[in-house]
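If you scroll down you'll find the structure; I have some questions about it.
The values are calculated or read from the model by the stated rules, or taken from the named source; none is laboratory data. Remember, predicted model here, so these are calculated numbers, not experimental data. Please note: Cβ atoms are built from the backbone with ideal geometry, for glycine as well, and neighbour counts cover all protein chains shown.
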Amino acid sequence: MVRLHDSMALLVAGLLLTGCGGGGGGGEMAGGESAGAPAAAAIDPTTVGTIAGRIAFEGTPPAGSPIDMSEEPTCAEKHPNGASTEEVVVDQNGGLGNVFVYIKEGLGGGPYPPAEGSPVLDQDGCVYSPHVIGLRTGQSLTIRNSDGLLHNINAKPTTNRTFNISQPTTMETTRSFPLAEVMIPVACDVHGWMQAYIGVVDHPYFAISGADGTFRIENVPPGTYTVETWHERYGTQTVQVTVAAQETADMQVTYSEQMAANAVVPLGAPIDLHGHDTGKHAGTAHGGR
Amino acid sequence: MAGTACPRPRPQPQPRARARAGAGEPQGVVRAHCGTSPRARRGTPRSRIAPVTILATSLALALAPAPARGQGAGAGQGQGHPGKPIYDRWCAGCHGEDGRGQGEAAAYMLPPPRDFTRALYQIRTTASGELPTDADILRVIDEGMPGTAMPGWRTLLSRSEREALVGYLKTFSRFFDQGEPPQALAFGRTPRATEETLREGREFYERIECWKCHGQAGRGDGPSAPTQTDDAGFPIRPADLTENWHFNGGGTVEDIYRRLRTGMDGTPMPSFSDLLDAGFMTEQQLWSVAHYVRSLSPEQAPRVRDVVRAARVEGALPSSPDDSAWAAAESYYIPLVGQVVVKPRWFAPTVDGVWVQALHDDRELALRLVWHDPSQSPDTAWLAWQRRVLETMEPREGGPTADARPQAANAAEAGAATAPQATAAGTAMSIDLARLPDAIAVQFPRTIPTGMDRPYFLMGDARQPVYLWRWQSVTPAGEGGAQAPSAGSAIEATARGMTRIEPLPAASQSLAWDATFDQGEWRVVLRRALATQDTANQLQFRTGQAIPMALFAWDGSNSEEGTRGSIGTWYFIYLDQPTPRTVYATPVVAMVLTAGLGLVAVARAQKKNGNGV
């Protein structure tokens, strides 16, 4: 397991604070993509590096619970071997999938290469696919119903506005989120087992670990960053990563079942990249409640 | 509500897990495990504002062109707002001084009061996820939300007070500071409804699968109904579309159409506007769905009358609830409410009204009771709901612990804790959720009172017991012999309070019954002879007299039993007597006499005036 070293964090924070000043918080938080700058030219591969690695799971993962799809035969047919929840997805080599990995602190604020395309969140066999999806702020998300029966897509962010839309047939709808937020739970109320998570970030440096636990974030500008991994059951871990041009920084993170008991799983936390307080506020708003 | 005194903070049940020691609470944190009720989870801060956001927003506002101003003062900026004293006095008791919906009364409400800090408003004219307009907020303050505890304030507060409240509510959330003011959707004019409209509406009701949650007959008994939760994780029910007087946003066709277009934010009810954009439906067709849904409810909300008249029939008294003889019998609506007098209390009952019909033939009385219940209990599909509603509503009531482990039929319940809920009162009663039946009870005094003195309405007391008919949807174990366990049973009992119900001896039991469950509706007929043997314990019915009658109901799938259920107050039942013949003869005789006397008087007067006319 990789731990965040407090002294390193202080050093990095100090460096960032002294370097901070450009960009302007207002522009970032008002949403949209990199403020003002003209579209970046094609990225020169000699100036960027890569963050790659693997999320491992130690020990025996808990089995997913079986899903009873008897009320929806059309979907049950798409799962001849039955379906289970995807809360913990571990392959035979101990790789943990569906972990959202992203640079949390250390970036300069842009301009970043513009987002391309519209990722697709599909409803297929009464299951959201992919289970975890990443998105840029302001980028269009295509929500697709491949089942041809009623689903409603109930997104419950707290930093962004919610939406709850109905798709009773095969169709597509697009939505976007103006503000960075990790993570946004998405449910279907018609089929209570359906669950997905959307991570919205201001920059392109995020990835989701595959079934084997590996992930790769490309074209990262050189620098030292705080990278956070997020899992829906085991919570977050942060790693300090230094990226050099034309090199791949390796990142290995391990989760285990014991982490579930004390996991802190942020939902709806906004992300600010400029080294400011990212929402770890002490105290409560309720005074005694 | 105390004038300006701050309510004492209510101790929260502690969530199971703790964050790493020393770390503060990150925004929007959820403990990734089991067993904490939504009320406990809501103790953690959500939607809090990082200082940098206030700074950023202020910078953005300062640099941006003017129009964004004047919308809302920014969260926490409500001090000094003219709406604040009004809010603190009238609203904070439920909604909390901080606007998070956790006022003192909130623990006793389901659905719970709105959390204004999230700026999620259910009843709006704007698109799904959008903010409400000022008029939207004002409308809910004026009209209330009939399916909830939110009253209408139009007659209680002045217009300027209500408008001040609108402004103050917006200060609870920073969302009102950002961007353009919300725009209402264009709804167009209400088209007229024809037979074709209703037919088309029904067709689309099936195609867009409203029935998945609302049921084929609209009574909220769809297959997806048991797993519904609102955005805060509280259990929530799809509306019973046959009771439009309980619709949160109003029950007119226009109101229904607006809900279809905007969705109901914070609830599972989605918006259907995207279907119009995608060309899947036209506006006309969506209006037809609204018309169809409206047609499921009566023209007017049912009127409550004090006396149930049992008409006298000449022919055979019906024994089945679906006998055609009932069509001619007048139907009386008896509203029910939660039992909030005796602990453990129950603030979120399922059954809110029963339709009663009564017929008799001088020898027997037959009562037909019809009520809506989205589940035919016991039903394992509702096990997870049962636990969730107990967790939400029970923490301090000293109620039962729930021992049944839910089947993992629904992945949403996977990992849900099955540890029993601790009870405050100390005596933990174990109940088997998986066996709770639906039930209804009809209560009478043991003898017809001569004056207005009646037993205590909550099933009497030791001093003055009551006589009870109690039907339930399962046969208790050990009874019923060859009957299947699900057959049901009806007993006569004496009750000395809600927790002291003693069935009469077997020799006295004489109730005949029949029951049907049909798409979210129970129809039960109870029959008994007017005069019986056990005159000490059984009420002897008499025609021509008002006999006090009260009703109680329980929905097993809502974890209801014992004192946790629906109750009603005393009404009356009156068994009609046949119309005596004199009723017809007397007026005729009176007319004849009067006319005769009149003629005699006229004749005499004429004679007096002399012969000539």
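Hey, among the residues in the stretch B:282-306 that are polar (S, T, N, Q) and assigned to a loop (DSSP other than H, G, I, E, B), which one's farthest from the other protein chains (Cβ to nearest Cβ)?
The residue in question is B:Gln300.
Quick one: how many residues across the stretch A:122-175 are within 12 Å of chain B (Cβ to nearest Cβ) and among the small types (Gly, Ala, Ser)?
Qualifying residue count for the region: 3.
Please go through the stretch B:245-281 and give me each residue that is within 7 Å of another protein chain (Cβ to nearest Cβ) and within 21 Å of B:Ile141 (Cα to Cα), ordered by number.
Correct list: B:Gly263, B:Asp265.
Please go through the stretch B:156-197 and pick out each residue that is assigned to a helix (DSSP H, G or I) and under 30 Å from B:Val289 (Cα atoms).
Selection gives B:Glu195, B:Glu196, B:Thr197.
Here are some conditions: (1) among the hydrophobic types (A, V, I, L, M, F, W, C); (2) modelled with pLDDT under 95; (3) surrounded by 14 or more Cβ atoms within 10 Å (Cβ to Cβ). B:Val583 meets all but one. Which one does it not meet?
Among (1) among the hydrophobic types (A, V, I, L, M, F, W, C); (2) modelled with pLDDT under 95; (3) surrounded by 14 or more Cβ atoms within 10 Å (Cβ to Cβ), the lone unmet condition for B:Val583 is (3).
While we're here: Is it the case that the stretch A:224-242 has a residue that's within 9 Å of another protein chain (Cβ to nearest Cβ), crowded, with 21+ Cβ neighbours inside 10 Å and more than 25 Å from A:Val89 (Cβ to Cβ)?
no
Let me ask something else about it. Residue under question is B:Pro318, and the condition is that it be at pLDDT 95 or above, in the same structural domain as B:Ala512 (by TED's automatic domain parsing), of a type outside the set (Asp, Glu) and closer than 30 Å to B:Asp362 by Cβ; does it hold?
yes
Sort out for me the strands (runs of 3 or more DSSP E) sitting completely within the stretch A:130-199 that have 1 or more residues that are closer than 30 Å to B:Ala384 by Cα.
Counting at least 1 such residues, we get A:132-136, A:141-145, A:151-155, A:163-167, A:181-187.
The rows are residues; the columns are (1) assigned to a loop (DSSP other than H, G, I, E, B); (2) under 24 Å from the mean Cα position of the chain (by Cα); (3) more than 25 Å from B:Leu260 (Cβ to Cβ).
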position: B:Tyr87; (1), (2), (3): no, no, yes
position: B:Pro111; (1), (2), (3): yes, yes, no
position: B:Tyr121; (1), (2), (3): yes, yes, no
position: B:Arg124; (1), (2), (3): yes, yes, no
position: B:Ser128; (1), (2), (3): yes, no, no
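Looking at B:Leu241, B:Leu260, can you tell me which residue is assigned to a loop (DSSP other than H, G, I, E, B), aliphatic (A, V, I, L, M) and touching a helix residue (DSSP H, G or I) at 6+ places or on another chain (Cβ under 7 Å)?
B:Leu241 is the lone residue from the list that is assigned to a loop (DSSP other than H, G, I, E, B), aliphatic (A, V, I, L, M) and touching a helix residue (DSSP H, G or I) at 6+ places or on another chain (Cβ under 7 Å).
Which condition number in (1) touching a residue at least 40 places away in the same chain (Cβ under 8 Å); (2) touching a Phe, Trp or Tyr at 6+ places or on another chain (Cβ under 8 Å) is the one that A:His79 fails?
With (1) touching a residue at least 40 places away in the same chain (Cβ under 8 Å); (2) touching a Phe, Trp or Tyr at 6+ places or on another chain (Cβ under 8 Å) applied to A:His79, the lone miss is (2).
Can you give me the number of residues within the stretch A:91-109 that are at pLDDT below 90 and surrounded by fewer than 17 Cβ atoms within 10 Å (Cβ to Cβ)?
Count: 1.
Turning to a different aspect of this structure: Yes or no: the stretch B:176-192 includes at least one residue that is at pLDDT below 95, among the aromatic types (Phe, Trp, Tyr) and more than 19 Å from the chain's Cα centre (by Cα).
Yes - at least one qualifying residue is present in the stretch B:176-192.
Let me ask something else. Restricting to the stretch A:249-289, and then to whatever is surrounded by fewer than 16 Cβ atoms within 10 Å (Cβ to Cβ) and modelled with pLDDT of 50 or more, can you tell me which residue is nearest to the other protein chains (Cβ to nearest Cβ)?
Among those that are surrounded by fewer than 16 Cβ atoms within 10 Å (Cβ to Cβ) and modelled with pLDDT of 50 or more, it is A:Ala261.
Would you mind telling me which numbered condition in (1) farther than 23 Å from A:Phe177 by Cβ; (2) out of contact with any helix residue (DSSP H, G or I) (no Cβ under 7 Å at 6 or more places or on another chain); (3) more than 14 Å from every other protein chain (Cβ to nearest Cβ) B:Ile86 fails?
The failed condition is (2).
State all residues of the stretch B:123-174 that are of a type in the set (Lys, Arg) and under 30 Å from A:Phe177 (Cβ atoms); if no residue qualifies, say none.
B:Arg124, B:Arg139, B:Lys170, B:Arg174
Moving to a separate point now. Determine if the stretch B:227-236 includes at least one residue that is farther than 22 Å from B:Met109 by Cα and assigned to a loop (DSSP other than H, G, I, E, B).
So far as the stretch B:227-236 goes, no, none of its residues is farther than 22 Å from B:Met109 by Cα and assigned to a loop (DSSP other than H, G, I, E, B).
Among the residues of the stretch B:482-503, is there at least one that is under 30 Å from B:Gln216 (Cα atoms), surrounded by fewer than 16 Cβ atoms within 10 Å (Cβ to Cβ) and modelled with pLDDT of 95 or more?
No, that holds for no residue.
Does the stretch A:70-85 contain any residue that is farther than 18 Å from A:Phe215 by Cβ, surrounded by 15 or more Cβ atoms within 10 Å (Cβ to Cβ) and modelled with pLDDT under 90?
Scanning the stretch A:70-85 turns up at least one residue that is farther than 18 Å from A:Phe215 by Cβ, surrounded by 15 or more Cβ atoms within 10 Å (Cβ to Cβ) and modelled with pLDDT under 90.
Taking B:Trp153 and the conditions (1) over 28 Å from B:Asp277 (Cα atoms); (2) within 14 Å of chain A (Cβ to nearest Cβ); (3) over 19 Å from the mean Cα position of the chain (by Cα); (4) of a type in the set (A, V, I, L, M, F, W, C), which numbered condition does it fall short on, given that it satisfies the others?
(2)
Out of contact with any helix residue (DSSP H, G or I) (no Cβ under 7 Å at 6 or more places or on another chain), within 14 Å of chain B (Cβ to nearest Cβ) and of a type in the set (D, E, K, R): which single residue out of A:Glu87, A:Glu116 fits that description?
Criteria check complete, one pass: A:Glu87.
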